[in-house]
Every structure is written in structure tokens, then in C-alpha cells.
Amino acid sequence: MDDLRMRARGLLADALELTPDELPDDASIETVDAWTSLGHMRLILGIEASMAMQLDAALVIEIGSLDDIVSVLQNAPGR
Amino acid sequence: MSITIDFGAIGSVTDLRQGTRWTAEDLARATEHTAALLRPMVTPDRPHVVIGHGGTPMFFADLFGVWAAGGCAVCVNPGITAGEMSVIGNFLNPAAVLIGKEDGPVVPDGVPSLCSVRDKAIKKSLLGGAVRTLDDPALILFTSGTTGAPKGVVHSLRSLLARIGLNRVYMGDASLARSLCVLPTHFGHGLIGNCLTPLFAGGELLLWSGMAMKEMVDLGATLAEHDVTFMSSVPAFWPIALRLSTAPPRRCLQRVHIGSAPLSSALWKDVAHWAGTDSVVNMYGITETANWIAGASLADVPAEDGLIGTMWGGCAAVLSVDGTMRSRGEGEILVQTPSLMMGYHARPDLTEPVLRNGWYHTGDSGHIDGDGRIRLVGRRKSEINKAGVKVHPEEVDLLLERHPGVAEACCFSMPDPVSGEIVGVAVTLAAGETDGQPTPEIADLRDWCRARIKAECVPDRWYTVAEIPKTDRGKVNRDRVRDHCLRQGPG
């Protein structure tokens, strides 16, 4: 779980052009100013590249926090 | 004498988020209210009125109100920092700042802040106001320099009305019946092209600027619900929209414009498929020319990277490397258009190099073929195009070098799959403690920038380097600095 969280934090930090340390544990669209629509799209592309699959449009919208990213990675097929 | 806007011919404005619709009569009333507030303040010596809000029907009433009072409207990003507003205040000494709402931008000391919704007009002020002609400055849009040396593009009502008139000729008023604006209203693209053109064509303008991810899901349905005939956007908007929203359930769009950044031929075709029309037009627009001056539609030509079509009024030429100007061939694109700016406000040093003998030097490199079609291949100026927002690297360099912990900074463009380009920066840190402060961390520098400059100008990727590489003549080549940073890696 810690590994997944670290991976999620890395993906989000890369997408938002921040360092992982700058992200709070409760990072979300509401709490991180840099989480813009363009940053969100970069995050989705990053998640998809790391999972080698395309996310469903509904899931693209639902992802709104660091916990959500962990959950998506956790439920990746083949995991 | 003041300019009269014919509200009998103007369209209506609807704020989709608020669900409010302002008819031409509502706009006329609110315009007169703003004009009455401003007339005692606006004088020929102090004509500038900053509009610090946008994206609402009130914005247009304030804009028209500034013109009706004989003033020159200065439209700024509503997210402007206090420092940037102070720079603009010192540069223009504006008669007033229109803040739109109580928690609007911080207004410089000594400048009245007005909220048209809140403040009451005095009847006798109807008698005041500055004298205005079509050739007086009417609009200033800042393209850079709000942290130091501002670069404000000045348009007269003549250049704006020329652009709007030409847009209507090339687009046709039927396609402007109901226009959706998802762009900010303080940029030429959103303001002049997407908003003022349909309004002056008598159409209905639907405002939905700053669309959130969750709202984008509803794009197709919203277009059909409101029977939207026209919309414009930047290329970066479309990969997200196509991904999140289903196509409109019935065909309504007659025309789609995409501009302000390079459009790939693949995305161009994807948008046409989604929108259900071939009238998807790759637009070429520059703030200095009141935005759109050329366009290429899939209805007329196959999609091609860099193709921006033929001029919409005026003419184009190329300036080759040997200094020869030709109507065909390769070189820097030069244009003549009736919608050309008057110049940069109080900056002849910036105006003279780009406005020569009636030609505007765009700084873009391209090719004009025998049919007058223009293809852009690159640019000579160093600006970074981040999802349609132009970032001037020199401005960010200078800002960063004001930080006591930074010895030197150099910003550069980096490719990005979502924004097209993003801002990278190489910084050399000052040795040891400076002004009693320890060496700054990247996060500190980023926060420091955020407090002083618009969010889109804050560098995205940061590299600390021992030394910024220079050419053998001691000059900075931004491409070489980027390559050096990429080889070195982040941090």
C-alpha cells in the first residue's frame, strides 16, 4: 500500500509539475491550486501510461484526490 | 462627443453558469450606469479604466460603459496579483478600476475602485466624459511585462470595428446566431473574436469561461440544448473535451474555430468528426492585429500541420533572411490589416521594430504559396505558447533574478502532450547565504513566483544548474539551455 501511495504521489507530482514533498497527504482538486484541468489531463495520461490501459471517461472525472489515484492503481487489472 | 453603441443591433449575453440572460436593453441600461459612474473621472489626460473582472454580462456593460464615457478600457486577467496591478497602476495612472465584485483584485493606492453593481451613479455625471474619436485608444490588452516593463497592445475603435466587420464577412452572420465562449474575456481571442464579433452581429452570446473538468462532460449536450452555432477555443481544450464529452446528440454547430496555438492535423480532423461539421477552422490571430487575420477551413482544404490559410482582409508577405520582402516564398510573416494596433502603449522602443512602413512583423516564420495560403513553420520570437497563453521567458527570467537567492535564470519552452508547450527554467543559485537567508529550495522559488506573477507564467519544470551555458559570444541560447537541462535531469 505504501508503495502504491508513493507511486500515486509521484504521478500526481509529475502531472502538476510539483515535487512529491509539496503534496499534502490529503491532496485533492480542492486543496491543491496547481490541480488545473490541464494538470488533471496530464495526470490521466500518466496513470494510463503506467497502467498501459485507457481509463473510462467516468473514472477520468471521478479522480479528484491522492486517495482516488491510489484506488485506481490498486484496482488495475493484473494486480 | 462620445461613441454611441447601437444597442438596437447588438445581441444578448447569457451566463450559462449563473443562468442569467441580459438582453440588449439590459446591456444598454447597465452600460449607461457604468458610463455615468465614470464620466466625472475619465478625462483626456487620464482616460484609462482598468477592468479587473470578466466572463460575465456585467463585463460587457463595463467595457461599453468605459467607451461611452470616452475612456480607454484596459482588460486584465481577473487573477492578477497585487504586485502586477501595482505595476499597471504606475504605468497607466488609471482613472478607475472596475472590480466587478467586492472581492475583486487589489486596487493600487490612490485609484478609485468601482463596482458597477454596488456603486450608485450621480445624475449630473451624464454631462461629463472625455471627447473621443474612432482613432483614440479604446482598448489595451497586456501581452507581457506586468511584473516590470508592461507591453500593452493599444487598439482604437476603428481597428476593433474593422476586425469585427471583417470577421462577420468571412464567417457569415448566420453562423454567429448563438455563440459559445469558453475562453477568458481578457484575451483578444476570447474578447474580440469569440464575444464582440457575435454580439455586434446581433447574435446571442453564451458565456461558459473557465470550464471545469466536470462541466466539460456536458459540453455536447449543452451545445445541443442551446442550439449553439459557433464556438472557438485553443487546441489544448479539445483533447480533454473529446475524451470527456459525447458528441452533440444532434448537429447544431455550423462553425468551430481553433486558434492561439499550433493545431495538429489529427486533432483538427477529430474535432470535425465530433462536431459534425467540416467548417472547423484553424485560425491565425495575434493580439496586435485584434486577433484573427487568417483561417483555413476543412470545408475548403485537407487538414495539414501549420496551414492557417488565406488572409481575412489585408495582405501578407514574407521577409527572407537576406532582407528581401516578397509576396510568396519563405521567411518571417509580415501582415498589413485594417485591424492593426496603434502600437504598444508608451513603448516606442517596442513598437518601432515591429511596425515598419505599414507592415506588422509577426515574428512567426512561414511560407506563402502561389494561392496566398500561409503555412507556419516556427517562430522567431522566444515566447512560449502554453495552451494558447503566451509566456515571455525574458519576463520570467527578470522576475526570478530579483530573488536574492537566484544568481541567474533562463526560461525555455518544453514540449508537453497536453498544453503543447510548458515553461522550463534553469536557475543558478547565489552562493551561500544571501541577505541572511539560506539558499532557497525550488518549492520556495515557485511559491515566491506565484505571489508575483500570473499562475500560467510560473515555470512548470525547474532545474538548478551550476552555470547557465552560453554561446562562445557569451549569449544565452534557450534551446541549448533546455538541452543541457534535459541531459542533466531535474532538481
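For the pair B:Arg46 and B:Ala221, how long in nm is the line joining their label points, each one 7 Å along Cα→Cβ?
5.1 nm
How well do other chains shield peptide B:458-468, expressed as the mean number of their Cβ atoms within 10 Å of each residue Cβ?
Neighbouring Cβ atoms belonging to other protein chains average 1 per residue here.
Please list, in order along the range A:26-34, the HN-Hα scalar couplings obtained from phi with the Karplus expression 6.51 cos²θ - 1.76 cosθ + 1.60 (θ = phi - 60°), rounded to whole Hz, x for Gly and Pro.
Whole-Hz 3J(HN,Hα) from phi for the range A:26-34: 9, 3, 8, 4, 6, 9, 10, 4, 6.
Taking only the alpha-carbon positions of the range B:12-132 and ignoring solvent, what does the Debye formula give for the base-10 log of I(q)/I(0) at q = 0.18 Å⁻¹?
The Cα Debye sum returns log10 ratios of -0.88.
List the pairs from B:Lys214/B:Lys381; B:Lys214/B:Lys386; B:Lys386/B:Lys470; B:Lys151/B:Lys214 whose alpha-carbon separation is above 28 Å, in the order I gave them.
B:Lys214/B:Lys381; B:Lys151/B:Lys214
Which of B:Ala224, B:Leu298, B:Thr31 sits farthest toward the positive end of the charge dipole of chain B, with +1 on the Cβ of Lys and Arg and -1 on the Cβ of Asp and Glu?
B:Thr31
Based on the Cβ-Cβ distance from B:Leu134 to B:Ala431, what FRET efficiency comes out when R0 is 56 Å, to the nearest 0.05?
So the FRET efficiency works out to roughly 0.45.
Taking H as built 1.01 Å from N, whose amide H comes closer than 5 Å to the amide H of B:Ile286, not counting residues under 5 places away?
Close amide H contacts, sequence-distant or interchain: B:Asn291, B:Trp292, B:Ile293.
Give me the extension gain from B:Leu398 to B:Ala299: residue separation times 0.36 nm, minus the current Cα-Cα distance, reported in nm with one decimal.
31.1 nm is the gain from fully extending B:Leu398 to B:Ala299.
Can you list the residues of the range B:257-278 with backbone N under 16 Å from a point 7 Å past the Cα of B:Lys381, pointing along Cα to Cβ?
B:260-262
Quickly rank B:357-367, B:77-87, B:233-243, B:16-26 as a protection proxy: mean count of other C-beta atoms within 10 Å, highest first.
B:233-243, B:77-87, B:357-367, B:16-26
Please list 3J(HN,Hα) in residue order for the range B:197-204, calculated via the Karplus relation 6.51 cos²θ - 1.76 cosθ + 1.60 where θ = phi - 60°; whole Hz, with x for glycine and proline.
Result, rounded to whole Hz: 4, x, 4, 6, 8, x, x, 9.
Return the Cα extents of the range B:384-488 along principal axes one, two and three, sorted largest first, each rounded to a whole Å.
Reported extents, whole Å, longest axis first: 40, 36, 21.
Can you sort B:Tyr463, B:Tyr284 so the residue with the fewest Cβ neighbours within 10 Å comes first?
Placing the least packed residue first, the sequence is B:Tyr463, B:Tyr284.
Given the options A:Leu11, B:Val418, B:His53, identify the residue whose Cα lies farthest towards the positive end of the charge dipole of the protein assembly as shown (+1 on Cβ of Lys, Arg; -1 on Cβ of Asp, Glu).
Result: B:His53, furthest along the dipole toward the positive end.
Quick one: length gained pulling B:Ala455 to B:Arg326 fully straight, 0.36 nm per residue minus the C-alpha distance?
42.4 nm
In nm, give the distance between the simple-model label positions of A:Glu30 and B:Lys470, each being 7 Å from the Cα along the Cα-to-Cβ direction.
Distance between the two pseudo-spin positions: 5.2 nm.
Okay, helix-only estimate at 222 nm for the protein assembly as shown: each DSSP H run of n ≥ 4 adds -39500 (n - 2.57), divide by all residues, round to 500 deg cm²/dmol; what do you get?
-8500 deg cm²/dmol
Given 20 °C and 1.002 mPa s, how large is the Stokes-Einstein diffusion coefficient of the protein assembly as shown in µm²/s, with Rh as the Kirkwood radius over Cα pairs?
86 µm²/s
Cross-link list B:Lys120/B:Lys390; B:Lys454/B:Lys475; B:Lys120/B:Lys454: which exceed 30 angstrom alpha carbon to alpha carbon?
Checking Cα-Cα distances, B:Lys120/B:Lys390; B:Lys120/B:Lys454 exceed 30 Å.
All of the numbers you see were taken from the coordinates with simple rules; none came from a lab. Note that the coordinates shown come from a computational prediction; the quantities given were computed from them, not determined experimentally. Cβ sites come from the backbone with ideal geometry, for glycine too, and all protein chains shown count toward neighbours.
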